[in-house]
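Contents: one structure, followed by commentary.
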Amino acid sequence: MSGKGEGKYELKGAKVYIHEQGKSGARITHIDIEHPLLNEIIEPKEATYVAGKEGGVFIGLKKEMLIRIKKVLEKLKK
């Protein structure tokens, strides 16, 4: 884990769940990361790339997501 650093913005209130198959409508076991700003970056039903990293995961963004995240960063910098 690299923790806080320049250019990193914490999403306060983000919730992370391990969602077990067969419970609460899950067809397969998966990880949910929930925060309102995330849908401003990655729209519902849109797919992206996730890779494991030391202490967590890395979520890669596609070109259209990179455009949207600029607007989110403007909000977070205020």
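A few notes on this one:
- Of all residues in region 1-27, those satisfying the criterion of being within 16 Å of the chain's Cα centre (by Cα), surrounded by 10 or more Cβ atoms within 10 Å (Cβ to Cβ) and at pLDDT 95 or above are Ala14, Val16, Tyr17, His19.
- Candidate set: region 1-26, residues that are assigned to a loop (DSSP other than H, G, I, E, B) and among the hydroxyl-bearing types (Ser, Thr, Tyr); chosen: the one farthest from Leu76 (Cα to Cα): Ser24
- Set side by side, the residues Lys15, Lys77, Lys70, Lys45 differ, and just one is touching a strand residue (DSSP E or B) at 6+ places or on another chain (Cβ under 6 Å) and of a type in the set (Lys, Arg), which is Lys15.
- Complete set of residues in region 60-70 that are touching a residue at least 12 places away in the same chain (Cβ under 8 Å) and farther than 13 Å from Glu43 by Cβ: Gly60
- Residue within region 6-16 that is in contact (Cβ under 8 Å) with a residue 12 or more places away in the chain, of a type in the set (Val, Ile, Thr) and in contact with a helix residue (DSSP H, G or I) (Cβ under 9 Å, 6 or more places away or on another chain) present: no
- Summed over region 54-69, the residues that are among the charged types (D, E, K, R) and surrounded by 10 or more Cβ atoms within 10 Å (Cβ to Cβ) give a count of 3.
- Of the residues His30, His35, the single one that is surrounded by 10 or more Cβ atoms within 10 Å (Cβ to Cβ) and without any contact (Cβ under 8 Å) to a residue 24 or more places away in the chain is His30.
The values are calculated or read from the model by the stated rules, or taken from the named source; none is laboratory data. Because the structure is predicted, anything quoted here is derived from the model rather than measured. Note that we place each Cβ from the backbone using ideal geometry, even for glycine, and neighbour counts take in every protein chain shown.
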